[in-house]
Every structure is written in C-alpha cells, then in structure tokens.
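S.K.: Sharing a structure with you now.
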Amino acid sequence: MITNEKKQKNLISTLSSWRKSLTYSNKINPQNYVDTFRIDVEDESEEKWPTSIATNGDYIAYTSAVKKTNFVIYKDLAESKFDIIEENNENNSERGSSEDMNSNEESWEYISRYSTVHKNSYNYPLYNVSWEKNFIALGSENGRVNLLKISNESLENSEGTIIPDDETMCEMQSLNTKVMPSLPNQFVFSQRIHSVELNPTPISKNISPTHFIATERNLIHLWNIERQFYVNNEQTELDTIYKAKFCPHLSSSHLIAAAGSNGKLQIYDSTKFNKNGIVWKCTSSKKNIEITDIAWNPFVPYWLAVSRSDAIVNIWDLRYNKGHVGQISGHYHSIKSIAWSNTHSEILATGSLDRSFNTWNFKNGSYYTLENKKNKNTLFEEYNSNILNNENILNLEDYEQQKILNAKLVTSYKEEYGGGIINVISSKSKPDVFYALTNNNEIFIHTLKNDLYEEMISYKYDSLQSLERKVEVNNYERNIGNAYKNIISLSKLQKEESVLADLIDMCTPYPEIKSETWEFPSLKKSEENISNNCEQKYIKQFKEDLEKYSFKLPPGYACQDEKWLGGINEELKEEIKIVQLRINTLSSIKSNKWEFITENKEKLLEVLEKDQLFMEADEIKQMISCLISHDHLTSLKIGLKLNKIFNEQEERDYSDLTEINHILLFPTVYDTDDNMITLIPELESTMSRNSVDPTALTDPSTHIYSKNILLKVFIDDEDSINKIPMHAYHSLTNLLQDPNLIIPLLELEIKIDEIVNNKNLLKEDIDTQIINVVKEKYIIEDIPQKENDENDESLLSKVFTGHQKNSISVTTNRLYLDALLRNSMFEEFFYTSMDLFMQYFQLDFSRTIISTIDRIALAKVKEYIDQIYQRIASDITDVINDIQQIQTFNKESFEQLFKKLTDNILMVADLIALLNKIGVLCSNGIQIIPLLDDKGGIFFNYTQSFLIELIEQLSSSLYSFIATVKIISDKTNYGFSTDNLKNQVIEKIVINEDIIKRKPLYDYYKIKSYNENFELTINTIDCIINDLNNFDNLNIDLNNL
C-alpha cells in the first residue's frame, strides 16, 4: 500500500518533471540569463518567520514576526550594470552588444557583496515594511504601525546599529468598529497589519512622504505623517485585506489598489475615504480564491497584476472591468508575490511557494484556448499532459471559454532556494535587479543578464552585424549610451535620416501617461464582470499596447533619473541632439516646414561650423532653397555665415557654395531675361517720347515680391541653370567662387533686405537709406592711374576688378537705380547705369538698363528740368516786375535783384551741364551699338535727339535771360557787365576731365579717346560756347520775354 508520504513524493516528482519539461520547451538555461547571490539572514532564534522586505536606493530592509533581530537593513554593495558601463566608457572600453557586455566575468562580480547596516529587535512581531525616502513604516499587531525616520547620513555612517532620527508608534484603531473576541477553536478577526505602504514621492526631488496607508481586517487606514495623526479609513467589501498599494505614478498616486481573502480586487480614491471612495472593482475569475499580492505596472498606470493562491497571475487593464486581459499560469503552488521589471513594461517576476523565481514576458506570449488546439501554448500542453489530474493544484476549466494572452516564461531559478518565496520586489536603484525573500530566511538578489534580452528582442532590422541591429540590442538592454554611439556612427556614415530618426525614436521614452488621458469604466456595470469573460477587443488592445511599449523605451522611463539611460553623459546627449537636428532639418526640408530652419538657425550654424560632415553641400542648398522664398533675410544671414566659415576653414572647399550663392543673389546680372521678365518690362518696338511712362517707377516691396516669385520658379526648375549662355555661366561661376566679392555682396543684400522690410520707414526714407548703404558698400573709388611700367592690359585688369565691386544682384541694382531717380540724383543714376551697361552689354541685363533709361529715366529728367525751369522763369519774371516798380535808382536794391537774376541763369547752365554729362556718359554706348540688337541702336539715337532738343531749348532761354540782364542794365544805367556771367556759364557747361575720371564707371581709355569729340552732345555744347563768346552779334528775339 502506498503511503501518503510516498504519494506526496510521487506528486512532487510529477510536478518537477513538468517543470523540467517546461524549462526545456522554452529552451531556458537559468545560469545563462540570471546572476544570483544569496544573503542568509542571521538567526538569533530557532524560529523562522520572515515576513517582508523593502528597498530604498541600495538598501534592503528585512522584517520578521520573530521577536529577535526582526528588523535588519542590508546594503547592496554591488555596482549596477549602468555604473559598470560608465566606468568602461571612461576607460574608453566601448561595448557595442550584449556579447561584449557579458564577455568580462569580472564586471558581474558586484553580485557577491553586501553589508549589514542596522539590526534591531522589537518585542512585537513585524509583518510588513514600506520604505520611501527617509521614512520606514513597520506593520505590526494590534493595529499598530511603527514609523521610523532615518537619514541618509545615518545609513552611510552606520557601524551596525542606527538610532532613528524620530520614531512614532501609530495606532490604527478606528472608533466605529471594535474587534470582537474569537470563540473557542474559531478564528474571527485579527488586528494584524497585513500591509503598510508609504505614499510615492518624486525620485529626483528631496520630498518626503506625507502619509501612509495600513490595512487590518477589511479596513484601509490613512495616517498623516506631517501632522502625526490618524486621518480616516475606508471600510471595504474585501474581508481580510492582504495587500493595499498606492499607484506609483505621481499623477495617479491618490489611487489605492486593495485585495484580499475573498478574491475581490478594488481601486479606491484616497481623497474620498469614508465617502464611498471606490472607483473600480472586479471579482476573481474563481470566487474565494485569495489574492496574495498586487503590483502596479511602473510605466503603464492602468495595468495591474494580481497573484492568486491557486498559482495564477491575472493582468487587469483598469480601463475595462469585464475580465483580465492577460495571465500567467506556470507555477504549481501558490504565488505569494509578484513584481514588475524596473526597465521593461512587459516583464513580470513571480515568486512562489514551489521554490521557484520566474520571469515572464507578455509581449512574447501567445493566445491560449482549449477549444483551439492550434493556439495552445507549449507551456500548457506540457502542463496538461503531466498534471491534468491534479485538480487541487490548478483547475483548467477556467480556460474553456476564454482566449487569454498568456505570458511566455523567460527565466526560471530554483536551484538554491531553501524555502518557498514569500516576497519579491524590484530594486529602486539597480536596473534588472529583483530581491526575493524566502520563508527560510534567505534573501536572493537576482540580476537579469543582457543575454536574456537579446533572446527576447523582435528585431526590425535584418542584418545581424549591422549597427542598426546593435542599436536594437543596446536599446532593449537599456544601454542607451552605446545605442547613441552607434546612432552617431551611422549618422557619420550618412545613413538615411528615416533610419536614424527611427533609431533615435526607439531610444526615446514614450511620454508619461497622465491620469487625465485615461479613465475607469462605469461602476454601474460592475456586476456584469462576474463571468470574467473579457471581450476580445480588450485583449487585442493589450497585445497592441505591449508591442508598442516594448519596441521603444516605455512611457515615462527615466523621466525622473537619467541614470536609468545606461551610459549616458552630457557629451553623448549633445552629439545625439546634433544627429536629431540633422534629421529634423532634412525632414523639414522635405516637408517644406521652413519655420524649423528659422527657429534653429543659430544651432544649425554652430554645428555647421564645428562639423563639416554635418550636412553635405547639396543638403545645405536644399535647406536654403526651402527657406529663402519664405524668409529671405534669414537665408541671407545663414548664407553669409556659411561663406565666412568656408572661407576661414582651409579644409573646406569654397566652391561647394557656388550654387548656394547663386540662389542667395538671384536673379543675377548673368541670368537670362526669362528669369528677370517680371522685373524688366519688355522694350517697346519703337522708341519714342510716347513710350515714356513717368509713373513707371516700381515700389521697393514690389521688387522683392517679384524676386521671390522668380526665385521659386528658378529653384523648382532644375534646368534653369542651363539656360545661361556658356560665356556668362563661366563668368558667373568665377564670381560666385570669390569670397572677397561674395561676402561683401551678401552683407549688402542683408542691409538692403532689412531696409525694404522695415515697416517703420517711410518710402522716402527707404530710398535714402538704400542710397547710403549702396554708396558705402560698393560705389567704386578713384580709378587706378597708369604707371610708367604698367601696360594697358594690367590697367584694364584693375579697372575690371574695380567694376566687380558693383552688386551682381539685379534686384539690388534696380532698387538703387530707382532710389536715385526718385531723389533726382540723375548724374549718379547715369554714371551707375552706363557702367553696368558697359560691363554686361552682352547679357540680357543690358536690356534692363536701356529699358529703364528709355521708359523712366529720361522722362524723369525732363520732368525735373521742366520743374526747375518753371521756377527759374517765374523768378526772372518777378525780378523784371520788381525792377519796373523801382522809381529811383538804389544800388543796394539793384544788386540784390541782379544777383537773383544771375543765380537763376546759372541754374539754367547747371541743367545744361547735367544734360551734357548724361550725353558724355551715353556716348560710350555708341561704340557698342553694333554689338546690340536694333532696339539698342534705336535707344541711343532717341537718347541723342532727346538730349540735344532739351539742351537747345535751354540754351535758347539762356540767351534770352542773359540778353534781358544786359538790356535792363543798360536802360537803368546800372553798369552790370555780362562778360563775367557768360564766363561762369561756360565754366559750368564744359565738363572737366577730372570729373570724368573721378569714378571708373567705364573704361577710362575709351572715354579719353572721345573726350575731344562727344558725339551725342559735344557739338551742341560747342555751339553754345561760340554763341556766348560772340554774344553781342547774336540776334535774340526778346518779344516773348
């Protein structure tokens, strides 16, 4: 007959066989994936009744219900794997993969060290402990909680025993409920504190907890630490509450999850205690199966795991209450404690009385239902074939109608356990570290190795040895420092920005999930969840969320402490920001989000100056092209800075900026008429006075508007550069590659842009400032003089160099010329116009010059002369009338009147001189007429007749005015001689050679050759001089005076 003991051994053998099969089927070798160290708690009593552990930083608190040495604090002296990464980084020992991380066994020796910081023996049992910042709460019997305050300094300087800074015994006895004595042989109630929990606080701030909760019987008590008084309690439907825990997420830290002996799970709002504070509830899928532990997910606030005494773990999504969305079923004895990973939202650790510590991955889990054999998890196949008849261990009937997401077992450790596990917690300071307490007074420290994570990754990038694959490994191991290094390397290899963006995003946590972004279902439907058949759409949503949050860093990861981003330092953060800047810049260019470039221009220029590989020349061109039609001024400033950077740094090739400079100065004088057509009206087929439009001057803002339209067309048309004639293209290219020319021109363009776009300036002020800026920047100084040893070619070279100081921007030239005309600065206008014309007579831009002169300038000259002449004629008429009114001779009065007459006559001479200077300037175009089209010839012929006609009209009036002065002088016997006046007139209308040479506005030698014979106006001026010299012999008609 088989004894009960033998039956039990057979049963255990069967269970162990199943667990071995389970391990094999999941290909798990714990030694490869888990590093373990054991702390044997020192016993001063033969009894063993360990109850709880808690952690704070590197410290572990242990409690026991035995009254000897029942409170101990240990320090985990091991370095975290992040500390090891940083040390290796400092030693320039880079690790690019998990293989490198685990190749050095010495790096994991930290798992073998600890020290005892504090021991104490309380004369009452301790059932639970909670530790937050500098407060420790110890749950005891009779509804009491011992609250200790211990500073970090006391812990660091401890020599074995610590005297708390403060110690308070908190009584949890409520006034409206009393504990009835138990009848003989019947247990009714106990006032034991089953659970105590201090409220969560921000990790990065020096803020202490303000209150704690404690459970006894079916009550949740709330205690105020700051004011040291009992606040309130919530009476629940949970019978005896085994666990009650605050939500660790600060935005939801007022929420408390509680569960206990009757299998019910409920969520309470601590701000509504004693006022029906329940906000969510459900019933276990098997009634009256007690819930042994609760664990809020540290990253997803609406995921809650609960362990049950029937060896099941359920995962609830608090947004629903019609059944759990995931589960674990792999232990063969009660699961007493659970803890989520502190680095991965999808990993959960379980500790069971079957003496095994397991970790599970929900993301890699599979759906299971008995009705669909193809979807069975191997885990449950093995379970079903080995222990299906052991109904007391696990009843599989729960799964008959459900399709639940079951977690995949990824590690299982059981080798050294001397007793069942009663408490499992995650470290608060060390990644991937769990602490497990057994009922045999053992504390195990388990660290999940990086090899484990490499096995669990669902790779997105295929190449095994690629840097992209290494980034995936680094990210899942939370070795973000190495991940950043690999991303930076990929960036230097000019990897596609989409790949880089994806990798950086992978290493970036999802934003913290705030309480306002999700909500509980209505409590009115809570009775509908009795069957716990969760709707499949909720399970599917859970699976999708797992995929989402496991691909990259989970929500809120490392948001309070960057050390959890293993290996990160300030230098790496700056480098990855530069990579992000490049990605975002190129992405903005593609999507035409030019605002990003404007907002980040300073940082872009800073990086471009430091790192010549940051952007290629073509990418810089794309950036300028994206921005310039929207923010022209910023584009010019960026372009100017780039030109200075490329000019100052010898390793840069300045010619890389050729196309960029063309865009910045577009349209240039070398571009075709197609690119300037909206700026330059077509020349009239017939040049005549009727074609002159005196109102044709364009507003400066219109020039800028037209330029932007043309610029967009030019950028969009990839073939536009090919439209430039070959000779012009080579000349333009040479100029665009000359920093000594381009940098001043860009500075000028910036000033012009600032003036035109200054809304506080009046139109006349805009013209004045444009003139001043242009004169300051590029009006040419005196022409170089020919030296004895200098040939004509060298001098012409100097002249040509001087010419190029003019702007090659069509818009700037037009703005300047228009400003000169609006300010009646005709001499400067014609000097500049003819200089530009003669430089670029073979280009379409020359048509701009002659068109402007024909359509606008000559009309403005005539309008100006007419206005001045009318004023002169009026003044002379007034003088004559005044003289006629004089009754008696008065020398002083006559002198004033005659001075007024001579001043006006000399003003007429100034007008003739102006026309003569214009004629001198325009005469140089006569030589080039054969090279122009017919319209050019027509233009110069018209200009000649126009000038001569005006000069003849003015000279006729001049003679009449002088004759009038002579007659008046003779009749009044004033004795005024006109000889001096005639000499002054001659001096004014004859152009001095020094004036001609004061600026090299044209080839000086050509001008000199014509100096003796100005073909446009010289003959007319010579006639005037002859007439003045023979003035007495002239027959002047004064009838019309």
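The values are calculated or read from the model by the stated rules, or taken from the named source; none is laboratory data. Keep in mind it's a predicted model, so treat the numbers as computed, not measured. Don't worry about glycine lacking a Cβ; one is built from the backbone with ideal geometry, like all the others, and counts go over all protein chains shown. Note: areas computed on protein heavy atoms with side chains; ligands, DNA, RNA excluded. Shrake-Rupley method; radii C 1.70, N 1.55, O 1.52, S 1.80 Å.
S.K.: Among residues belonging to the range 132-146 that are in contact (Cβ under 8 Å) with a residue 60 or more places away in the chain, open to solvent by less than 10 Å² (accessible area, probe 1.4 Å) and not in a loop (DSSP other than H, G, I, E, B), point out the one that is farthest from L437 (Cα to Cα).
M.R.: Residues of the range 132-146 that are in contact (Cβ under 8 Å) with a residue 60 or more places away in the chain, as a first pass: 132-139, 143, 145.
With open to solvent by less than 10 Å² (accessible area, probe 1.4 Å) added as a condition, the list becomes 136-139, 143, 145.
Still in the list and also not in a loop (DSSP other than H, G, I, E, B): 136-139, 145.
Working: I136: 18, A137: 18, L138: 17, G139: 17, V145: 21 Å.
Residue satisfying both the conditions and the ranking: V145.
S.K.: Take the range 599-609 and flag every residue that is of a type outside the set (A, V, I, L, M) and in contact with a Leu (Cβ under 7 Å, 6 or more places away or on another chain). So that I can check it myself, show each step before the final result.
M.R.: Applying the first criterion (of a type outside the set (A, V, I, L, M)) to the range 599-609 yields 599-603, 606, 609.
Scanning the range 599-609 gives N600, K603.
S.K.: Could I ask something else about it? Under 7 Å by Cβ, and 6 or more places apart or on different chains, what pairs join a residue from the range 499-515 that is over 13 Å from N474 (Cα atoms) with one that is open to solvent by less than 40 Å² (accessible area, probe 1.4 Å) and of a type in the set (K, R)?
M.R.: Final answer for the pair search is D505/K552; Y510/K552.
S.K.: Another one. Do any strands (runs of 3 or more DSSP E) entirely within the range 204-307 hold 3 or more residues that are free of Cβ contacts under 8 Å to residues at least 60 places away in the same chain, and if so, which? Please lay out each step first, then the result.
M.R.: Numbers: elements: 211-216, 219-224, 229-235, 241-246, 255-260, 264-269, 278-283, 291-296.
Correct list: 211-216, 219-224, 229-235, 241-246, 255-260, 264-269, 291-296.
S.K.: Taking the residues in the range 604-623 that are assigned to a helix (DSSP H, G or I) and of a type outside the set (D, E, K, R) as candidates, determine which candidate is nearest to the chain's Cα centre (by Cα). Break it down into steps so the answer makes sense when it comes.
M.R.: Restricting attention to the range 604-623, the residues satisfying the condition of being assigned to a helix (DSSP H, G or I) are 604-610, 617-623.
Adding the requirement that they be of a type outside the set (D, E, K, R) leaves 604-605, 607-608, 617, 620, 622-623.
Values: L604: 11, L605: 14, V607: 14, L608: 16, A617: 22, I620: 18, Q622: 18, M623: 15 Å.
Out of the qualifying residues, it is L604.
S.K.: Right, here's the next one. Among I539, I576, I628, I620, which is the only one that is among the hydrophobic types (A, V, I, L, M, F, W, C) and touching a Ser or Thr at 6+ places or on another chain (Cβ under 7 Å)? Before you say what the answer is, go through the steps one by one.
M.R.: Values: I539 fails: touching a Ser or Thr at 6+ places or on another chain (Cβ under 7 Å); I576 fails: touching a Ser or Thr at 6+ places or on another chain (Cβ under 7 Å); I620 fails: touching a Ser or Thr at 6+ places or on another chain (Cβ under 7 Å).
Only one candidate qualifies: I628.
S.K.: A further question follows. Just to be sure, is S429 touching an Asp or Glu at 6+ places or on another chain (Cβ under 9 Å), under 30 Å from S130 (Cβ atoms) and assigned to a loop (DSSP other than H, G, I, E, B)?
M.R.: Working: touching an Asp or Glu at 6+ places or on another chain (Cβ under 9 Å): yes; under 30 Å from S130 (Cβ atoms): yes; assigned to a loop (DSSP other than H, G, I, E, B): yes.
So S429 fits the description; yes.
S.K.: Could we say that I162 is part of a loop (DSSP other than H, G, I, E, B), within 47 Å of the chain's Cα centre (by Cα) and at pLDDT below 90 here? Break it down into steps so the answer makes sense when it comes.
M.R.: Details: part of a loop (DSSP other than H, G, I, E, B): yes; within 47 Å of the chain's Cα centre (by Cα): no; at pLDDT below 90: yes.
No, not satisfied.
S.K.: Just to be sure, is K775 at pLDDT 55 or above and charged (D, E, K, R)?
M.R.: Yes; evaluated as a whole, the condition is true for this residue.
S.K.: Restricting to the range 736-749, and then to whatever is among the hydrophobic types (A, V, I, L, M, F, W, C) and at pLDDT 90 or above, can you tell me which residue is surrounded by the fewest Cβ atoms within 10 Å (Cβ to Cβ)?
M.R.: Initially, the range 736-749 is screened for residues among the hydrophobic types (A, V, I, L, M, F, W, C), giving 736, 741-743, 745-746, 748.
Still in the list and also at pLDDT 90 or above: 736, 742-743, 745-746, 748.
Numbers: L736: 24, I742: 24, I743: 16, L745: 27, L746: 23, L748: 21.
That would be I743.
S.K.: Of the residues I865, I872, I905, only one is within 18 Å of N823 (Cα to Cα) and either modelled with pLDDT of 85 or more or open to solvent by less than 10 Å² (accessible area, probe 1.4 Å) (or both); which? Full working, then the answer.
M.R.: On the way: I872 fails: within 18 Å of N823 (Cα to Cα); I905 fails: within 18 Å of N823 (Cα to Cα).
Being within 18 Å of N823 (Cα to Cα) and either modelled with pLDDT of 85 or more or open to solvent by less than 10 Å² (accessible area, probe 1.4 Å) (or both) holds for just one of I865, I872, I905, which is I865.
S.K.: Also, quick follow-up: Quick check: anything in the range 269-292 among the charged types (D, E, K, R) and open to solvent by less than 10 Å² (accessible area, probe 1.4 Å)?
M.R.: Here is the first cut: in the range 269-292, the residues among the charged types (D, E, K, R) are 269, 272, 275, 281, 286-287, 290.
Filter once more, so that each one left must be open to solvent by less than 10 Å² (accessible area, probe 1.4 Å): none.
Within the range 269-292, none of the residues are among the charged types (D, E, K, R) and open to solvent by less than 10 Å² (accessible area, probe 1.4 Å).
S.K.: Next up: All but one of (1) over 60 Å from the mean Cα position of the chain (by Cα); (2) farther than 19 Å from G919 by Cβ hold for S851; state the number of the condition that does not hold.
M.R.: Going through (1) over 60 Å from the mean Cα position of the chain (by Cα); (2) farther than 19 Å from G919 by Cβ one by one, S851 breaks only (1).
S.K.: Taking the range 417-474 as the region of interest, how many residues are crowded, with 17+ Cβ neighbours inside 10 Å, modelled with pLDDT of 90 or more and within 19 Å of D293 (Cβ to Cβ)?
M.R.: Residues in the range 417-474 being crowded, with 17+ Cβ neighbours inside 10 Å, modelled with pLDDT of 90 or more and within 19 Å of D293 (Cβ to Cβ): 20 in total.
S.K.: Checking the conditions here, which among F946, F1031 is at pLDDT 65 or above, over 23 Å from L858 (Cα atoms), of a type in the set (F, W, Y) and open to solvent by less than 40 Å² (accessible area, probe 1.4 Å)?
M.R.: Details: F946 fails: over 23 Å from L858 (Cα atoms).
On inspection, the qualifying residue turns out to be F1031.
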